[in-house]
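Quick notes on the structure that follows.
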Amino acid sequence: MWAESIRQFGNDDIVKNSKIMSVDSWNPIFCSEDMEFPPYKKFVGAAKDDVAYRIFCHNSSLGSRRFGVAIDHIRGRSEDVLPDICHNTFDLAYVDAGHYYDDVVVDISLAKNIVARGGVICGDDLNLRLDQADLEVTRANANRDYIRDRKSGGYYHPGVTLAVGESFPAVGTRGGFWSVRKVSDLVYLPSEIAFNGFFIPSFLGYNDQKSFIEIINTYRNSPGT
C-alpha cells in the first residue's frame, strides 16, 4: 500500500530515493482476557506459526518489485529497535501495532524521535478521542483491546485513545485515522486528513474494490471526527 502510494503520488526521483521500513515482532500480543474472542485466536495462531510474517515478507518483496520502492524490515519490538535508528530522519511514521496503552504510548514516544521536523506522525484505530470517551473507563481498561464506552455507547480501543490523547494536545482525525505534524521536538500540530485524490489499490479484488470505494466515500463526505 505504501509503495503504491509513493508511486501514485510521487515522481521517479521520489520513488528512487524513498524507502519504507517496517518494524514488528510478528508475535502474539493479546492478553488472556481478549483471547476470549474467536478472531483473536486466529491472529495468535498466525503469529505463532509465522504465517503472518511469511505473508508480510512475500507482500513486501512483491510490492518493492512492482512499484520500485525499497522496502525493508527489522523484526523486533519497537522499544528494542527504534532507539538505534537515526533520529530526525523519517518523513512519516505510521503507528499501527498493538492497541494496548503500554505499547502505543511507547511507539508514539519513539516515533517522535525518529521523525524529522516537518514530518508526520499518524496512525489508525482511534475510534474515539479522549475527550469523547469516559476517562475513568478508558484508564481502567487501558490494556484491553476493544471495549464499549459507556459515555458515547460506541466501541473503541481504550489504549489507543488514552495514549494519543496524552501524547498530543490535539490531532487531526477522520474515520479512525489520526495525524499530527512535527513542528519541533515539543510542538506537534494536528494535520488535516482528507480523503481526496485516493486511488484503488491494485492488489484488491473486484468485490474488495467496491467495498473500498464505499468506505472511502463515506469518510470523504463526512465531517472530521
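Bear in mind that the values in this text are calculations on the coordinates, not laboratory data. Since the model is a prediction, treat every value here as computed from it, not as a measurement. Counting neighbours? That spans all protein chains shown, and the Cβs are built from the backbone with ideal geometry, glycine included.
A few remarks follow.
- Cross-link partners of residue 182 among aspartates and glutamates (Cα-Cα below 15 Å; sequence separation of 8 or more within a chain): 91, 192
- Exposed trypsin sites (Lys or Arg not before Pro) absent: longest stretch of the chain, with sites in DSSP loops and at most 15 other Cβ within 10 Å deemed exposed: 1-149
- Loop-located GluC sites (Glu not before Pro) in segment 150-225 whose Cβ has at most 14 other Cβ within 10 Å (DSSP): 192
- For the chain, the direction-averaged projected area of the alpha-carbon convex hull comes to 13.0 nm².
- Label reach from residue 184 (point 7 Å along Cα→C-beta): in segment 108-124, amide nitrogens under 19 Å belong to 112-121.
- Over the chain: helical MRE at 222 nm, DSSP H runs n ≥ 4 each giving -39500 (n - 2.57), nearest 500: -12000 deg cm²/dmol
- With contacts taken as Cα pairs under 8 Å at a separation of at least 6 residues, the chain carries a relative contact order of 16 percent.
- Footprinting exposure proxy ranking of 57, 122, 86, fewest other C-beta atoms within 10 angstrom first, gives 86, 57, 122.
- You can think of it this way: the chain between residue 204 and residue 42 has 56.1 nm of extra reach, that is 0.36 nm per residue less the Cα-Cα gap.
- For segment 143-225, the set of chymotrypsin sites (Phe, Trp or Tyr not before Pro) satisfying both a DSSP loop assignment and a count of at most 16 other C-beta atoms within 10 Å is given as 195, 198, 199, 203.
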